[in-house]
Structure formats: structure tokens, C-alpha cells
1. In this structure, is ALA154 in contact (Cβ under 8 Å) with a residue 24 or more places away in the chain, in a helix (DSSP H, G or I) and over 25 Å from ALA78 (Cβ atoms)?
2. Which condition from (1) farther than 24 Å from PRO184 by Cβ; (2) in contact with a helix residue (DSSP H, G or I) (Cβ under 9 Å, 6 or more places away or on another chain); (3) modelled with pLDDT under 90 is the one that ALA22 breaks?
3. Which residues, taken from region 167-194, are closer than 16 Å to TRP60 by Cα and surrounded by fewer than 16 Cβ atoms within 10 Å (Cβ to Cβ)?
4. Please state which one of TYR86, TYR130 is of a type in the set (Ser, Thr, Tyr) and at pLDDT below 85.
5. Out of curiosity, is GLN167 of a type in the set (S, T, N, Q) and within 14 Å of the chain's Cα centre (by Cα)?
6. Out of region 96-140, which residues are touching a helix residue (DSSP H, G or I) at 6+ places or on another chain (Cβ under 9 Å) and part of a strand (DSSP E or B)?
7. For region 171-192, state whether one or more residues are at pLDDT below 90, of a type outside the set (Ser, Thr, Tyr) and under 16 Å from LEU90 (Cβ atoms).
8. Out of ARG89, ARG105, ARG149, ARG155, which single residue is under 16 Å from LEU180 (Cβ atoms), surrounded by 14 or more Cβ atoms within 10 Å (Cβ to Cβ) and out of contact with any Phe, Trp or Tyr (no Cβ under 8 Å at 6 or more places or on another chain)?
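The values are calculated or read from the model by the stated rules, or taken from the named source; none is laboratory data. None of these values were measured; they are calculated from a predicted model. When we count neighbours, we look across all protein chains shown, and the Cβ atoms used for this are built from the backbone with ideal geometry, even at glycine.
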Amino acid sequence: MAHLARGLASLILCALPLAATAFTVAPGRAFASGQGAAPCTAGRVCDARLGIALRLPPGWYVLGKKQVAANNQISFAAPGSHGPSYNLRLIIDAFAVTSFANSRRSAQKVVDNLISAERVREVSQSAVHYAGTFGLIVAGLPIGPTPAREIFLARHQYVYQIIAPGQSLGTDQRTALNSLRFVPRRGPFLGAHG
């Protein structure tokens, strides 16, 4: 069963026109656009729907709602090479809720289930730690027309899927992931589509 994130990643990886600036900066605070906006410390973008905050690398911005189909997802891009295009750099999505309170077990269970559902054999997994919690970076899953790394980061029973386009993590992607923090979340983790 192909899941929504795979199709969405394929769609988002295509060049689409840019929307208006998707976040604003007020004195000492930054806000992500939309209903999930949450106050942040200066220089960070927060999304209360997901319960995350991160510092944007130079040139990055939050994609507007017209480019993002899911409610509990935030996407980041950098300017494209020409015209009104963009270079997708990171997608963070509320992916699953497990019955485990242990982050390591939650991430591993989700990855195991996904590998089984996709019926792939050549998959590599490596442990990662971002925002003080456990995750798995996975390569080899069929994600779309362009290569990408998938990170399944768990905070207790809540599992986030982070898609990082490219053969490997770029310096800017690592910078953003290293700045990732959890903030109080508003609303259900998976929203109405979960």
C-alpha cells in the first residue's frame, strides 16, 4: 500500500510557483503561518500543530499552504535556480502514533511496518538523534521520482516522518535538523486525516 506521504513527496518535488511569504518575523518572535502558528524565540520557525521549532538555514523559507496538501505537515524550501521555482529542502510530517512510550521502539516499529508494507529488501537504517530523541534514517524506500532520505523521528509514541531530498543529507539540512526542538503541541497529532 502506497501511503499518502509518498504521493505527496512526488507532487511537492515538482517545481510549483511560489506563494507569498509563509512566515513573518515580529520583533523578537517568529511565527509559522496558518492556524498552527506558535510564538517562538527570535530566529526560529514554530509549528504548534506538529509541536516543533527550528532555525532556518540562510535562504530557507516555509512553503505556503497552496504548495502543502496535508494539515499536519510543514515544508521548507530554498530559492530555485531560475524563475519562480524552489528547491525543496525538508518536509516534516506527523506520521504515526504507536502504543509504545519508548521512542526507540516507536521509531523501529513504524520503520519495520513500512518496510514490510512496501515489500523492499535493500533498505539501510542508521540511528540518529535530533531534538534530544531517537530516530532512524532510512535509505532505499520507494519515495518518488527523485532520491531522498527519510528520517523517522519518535518522541515517545508520536512518530514524525522527515523527508530530506537528495542522495545524502546536505549541510543546510543537517543544520536545520540539529536546530530542531519540540514545543507544546496544539490539537491532535495526526489531525482529521490520521
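1. no
2. (1)
3. THR171, ARG174, ASN178 - these are the residues of region 167-194 that are closer than 16 Å to TRP60 by Cα and surrounded by fewer than 16 Cβ atoms within 10 Å (Cβ to Cβ).
4. Going through TYR86, TYR130 in turn, the sole match is TYR86.
5. Spelling it out, it is not the case that GLN167 is of a type in the set (S, T, N, Q) and within 14 Å of the chain's Cα centre (by Cα).
6. Residues satisfying the conditions are ALA96, VAL97, GLN125, ALA127, VAL128, TYR130, THR133, PHE134, GLY135, LEU136, VAL138.
7. no
8. Every option except ARG149 fails the conditions.
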